[in-house]
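Since the structure comes first, as structure tokens, the remarks are kept for the end.
The values are calculated or read from the model by the stated rules, or taken from the named source; none is laboratory data. Everything quoted here is computed from the prediction, not taken from an experiment. Positions of Cβ are generated from backbone atoms using ideal geometry, with glycine treated the same way; all protein chains shown enter the neighbour counts. These area figures cover heavy atoms from the full protein model, side chains too; ligands, DNA and RNA do not enter into them. Shrake-Rupley method; radii C 1.70, N 1.55, O 1.52, S 1.80 Å.
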Amino acid sequence: TNSVGTSNADFPSVDPGMYQLDITLRRGQHLAARDRGGTSDPYVKFKLGGKEVFRSKIIHKNLNPVWEERACILIEHLREPLYIKVFDYDFGLQDDFIGSAFLDLTSLELNRQTDVTLRLKDPHYPDHDLGSILLSVLLAPREEQQETTMLMRKSWKRSSKVTFIMWSSDHFIFFLSGTFQTQSLRLSDLHRKSQLWRGIVSVTLIEGRELKAMDANGLSDPYVKFRLGHQKYKSKIVPKTLNPQWREQFDFHLYEERGGIIDITVWDKDAGKRDDFIGRCQVDLSTLSKEQTHKLELPLEEGEGFLVLLVTLTASAAVSISDLSANSLEDQKEREEILKRYSPLRIFHNLKDVGFLQVKVIRAEALMAADVTGKDSYCKSDPFCVVELNNDRLLTHTVYKNLNPEWNKIFTFNIKDIHSVLEVTVYDEDRDRSADFLGKVAIPLLSIQNGEQKAYVLKNKQLTGPTKGVIYLEIDVIFNAVKASIRTLMPKEQKYIEEENRLSKQLLLRNFIRVKRCVMVLINAAYYVNSCFDWDSPPRSLAAFLLFLFVVWNFELYMVPLMFLLLLVWNYFLIVSGKDNRQHDTVVEDMLEDEEEEDDRDDKDSEKKGFMNKLYAIQEVCVSVQNVLDEVASFGERIKNTFNWTVPFLSWLAIVALSVFTVILYFIPLRYIVLVWGINKFTKKLRSPYAIDNNELLDFLSRVPSDVQVVQYHELKQDTSHSPSKRKKNNPG
């Protein structure tokens, strides 16, 4: 984030600021080899004023790469040169530096396309020939900013500031701080439009054919990476095959009316060493017609084989940003239209459109001061707010130098899964580096009380304890319960690729303890049954013996779901009668807080442990064990939380399903049920060749929160009497 400060004099003229620099990264020539095979996997970074403003794609195994990528950069002034750095990508390890160069912006002629060749240098080895980078650059004054400047001159205020924000590698936008009123509306419109996507691109990865063998056994363990702008996805790994079947679906937001290009790379997973590159391909969305599904068979470049995809472009969902004055739910006509859209009569109309979410981000209070200056110990922050629902991400404007900001914005989203979690994060905008984290809340949609303005205590990054400040939100959720129930039995939407899980001693211990607790439940149940056999308590053993005789003599298959149904009903009446035996999981919460402290120590010591991080093989095995323990523990905890009524909607859904299964098993012979099930399984591929495989029971359980998620989603109460030690622990800043 770059900003232009001003004095209380007149606003500065356009010159020497407000330029637009259009750069086309053409190619590299004779780059230095950094890999053992005598090649490199180069990519390029552009930096301006110490901040990265552009990063190119990676060209694999090529010393003469061709990029042909365009970047549009808004230049504040021409005094600072553009810094170009070239790196060799190393999967799992630190990328190798190839070389760097500077582009002197003052030497460029305005409004003229110029081809530039830059020789790469390494300050440590000034005599080495590291190759060169070829660019085409065009520097021009930005006309829109002249209008903006005149606009700001008319009602200039002392504390005003213009802010430039990089939204993605090819979206550069700017808007004014809150001190401008009506004159900033046009600029905030630009800010709004840059965030709102114009359509949805649905990509179904079907299969690969005749892929290149990368392992010694003549096979591969392929997986696929997708990238569209800042959006990234990664498929599952299919082991030991050259003709993998994935059948996975991913949704991308489309920001450009003219489309975009999806970069696709195929990799072979290698445990303990760097993954092998199999091939790459691209999908040019501008060539595809909308509202139509396209089957694509794409040959892999720089490799062998094909990928088979289904790509569908659809119109944008109802996503918007507006001021408090434009409240769609307060307009009676719009509200009725929304209620009609999600009425019970429209059950089978667009199953992906489950509901409507409106979030009012009103204000925050008592935020942490992230900016500390030496002058009179001046402590302030420049807070802005990010609102996320799955992969939908919108943000407010920045309120400068304020610990009690007011945003007064309304965000609307389409709900695709009622079990999604709304995340609201507050950041401090920072000119010289990435934004500082100030606090976060995570709110499950099913826990929202419509139309109620609430003060949510901000939590730390791990959502395990409070940090400083509260945020005031008013949230409304309207959804179709039948659609929501059907979507529960379908696969969850995947999130964009996030950071790879790193090895954590505390996390490994936490997952081990969680698995141990699940296993101990089974062991204690076995001890209980064994005590009945041993007649430790004669009345209990006698009752168990009579129950055993009755059940075995009269057993029918329908009694299995009936048993689970009775357990759910029993727990429900315990909760209603006030005899709830569920306890707040302080054990998991304590472990999460310890893990947070270890993360803080890891961040401080990361530079000192660079050598240890290179032990990739050991780390990967340990991370795999860590993740398996997490999956096993989460599976057991989700089953427990279903019967504990942790999410009443899901428990009621389980009651309906178990009731239906009980009736079906009571009236229909088992052979007919198995026959129908088998016919469905055998003919599914014939009826729908590209259907995505799923397991309804596992999809259902994936919506039930684990004990860790229950702690993270737990709403904290406002408490002004935090002890200093606790506050320091949770808020070291």
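Tabulated results
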read-out: Test: ASN627 is under 29 Å from the mean Cα position of the chain (by Cα), open to solvent by 20 Å² or more (accessible area, probe 1.4 Å) and under 21 Å from THR488 (Cβ atoms); value: no
read-out: Condition broken by LEU110, with the remaining ones in (1) open to solvent by 80 Å² or more (accessible area, probe 1.4 Å); (2) over 22 Å from ARG55 (Cα atoms) satisfied; value: (1)
read-out: Residue count, the stretch 14-47 (criterion: in contact with a Lys or Arg (Cβ under 6 Å, 6 or more places away or on another chain) and either surrounded by fewer than 18 Cβ atoms within 10 Å (Cβ to Cβ) or not polar (S, T, N, Q) (or both)); value: 5
read-out: Residue that is surrounded by the most Cβ atoms within 10 Å (Cβ to Cβ), among those in the stretch 407-422 that are of a type outside the set (Gly, Ala, Ser) and closer than 18 Å to ALA481 by Cα; value: ILE415
read-out: Residue selected from the stretch 277-291 under the condition open to solvent by 60 Å² or more (accessible area, probe 1.4 Å) and farther than 28 Å from LYS61 by Cβ, by the criterion modelled with the highest pLDDT; value: SER286
read-out: Residue list for the stretch 439-491, restricted to those being aliphatic (A, V, I, L, M), open to solvent by 20 Å² or more (accessible area, probe 1.4 Å) and under 21 Å from THR396 (Cα atoms); value: ALA455
read-out: All positions within the stretch 298-310 that are surrounded by fewer than 19 Cβ atoms within 10 Å (Cβ to Cβ) and touching a residue at least 40 places away in the same chain (Cβ under 8 Å); value: GLU302, GLY303, GLU304, PHE306, VAL308, LEU310
read-out: Residue match in the stretch 48-66 (condition: open to solvent by 40 Å² or more (accessible area, probe 1.4 Å), out of contact with any Lys or Arg (no Cβ under 6 Å at 6 or more places or on another chain) and acidic (Asp, Glu)); value: no
read-out: Within the stretch 695-718, tally of residues that are out of contact with any helix residue (DSSP H, G or I) (no Cβ under 8 Å at 6 or more places or on another chain), surrounded by 12 or more Cβ atoms within 10 Å (Cβ to Cβ) and in a loop (DSSP other than H, G, I, E, B); value: 2
read-out: Residue count for the stretch 68-81, restricted to those that are under 28 Å from the mean Cα position of the chain (by Cα) and open to solvent by less than 10 Å² (accessible area, probe 1.4 Å); value: 2
read-out: Residue that is assigned to a strand (DSSP E or B) and out of contact with any helix residue (DSSP H, G or I) (no Cβ under 6 Å at 6 or more places or on another chain), where the choices are ILE237, ILE278; value: ILE278
read-out: The stretch 660-689 residues that are open to solvent by 70 Å² or more (accessible area, probe 1.4 Å), paired with ones that are assigned to a helix (DSSP H, G or I) (beta carbon under 8 Å, 6 or more apart); value: PHE661/PRO561
read-out: Subset of the stretch 244-267 [touching a Lys or Arg at 6+ places or on another chain (Cβ under 8 Å) and surrounded by 15 or more Cβ atoms within 10 Å (Cβ to Cβ)]; value: TRP246, GLU248, LEU254, TYR255, GLU256, ILE262, ASP263, ILE264, THR265, VAL266, TRP267
read-out: Pair list, Cβ under 7 Å, 6 or more apart: the stretch 63-88 residue within 14 Å of LYS45 (Cα to Cα) and in the same structural domain as GLN29 (by the TED database), other residue open to solvent by less than 60 Å² (accessible area, probe 1.4 Å) and at pLDDT below 80; value: ALA71/SER169; CYS72/PHE172; ILE73/PHE172; PHE87/ASP95; ASP88/ASP95
read-out: Residues that are modelled with pLDDT of 90 or more and not in a helix (DSSP H, G or I), drawn from the stretch 615-643; value: none
read-out: Where a residue in the stretch 565-583 is in a loop (DSSP other than H, G, I, E, B) and its partner, wherever it lies, is modelled with pLDDT of 85 or more, with Cβ under 6 Å and at least six apart; value: ARG582/ASN644
read-out: Where a residue in the stretch 524-553 is at pLDDT 85 or above and its partner, wherever it lies, is assigned to a loop (DSSP other than H, G, I, E, B), with Cβ under 6 Å and at least six apart; value: SER541/TRP535
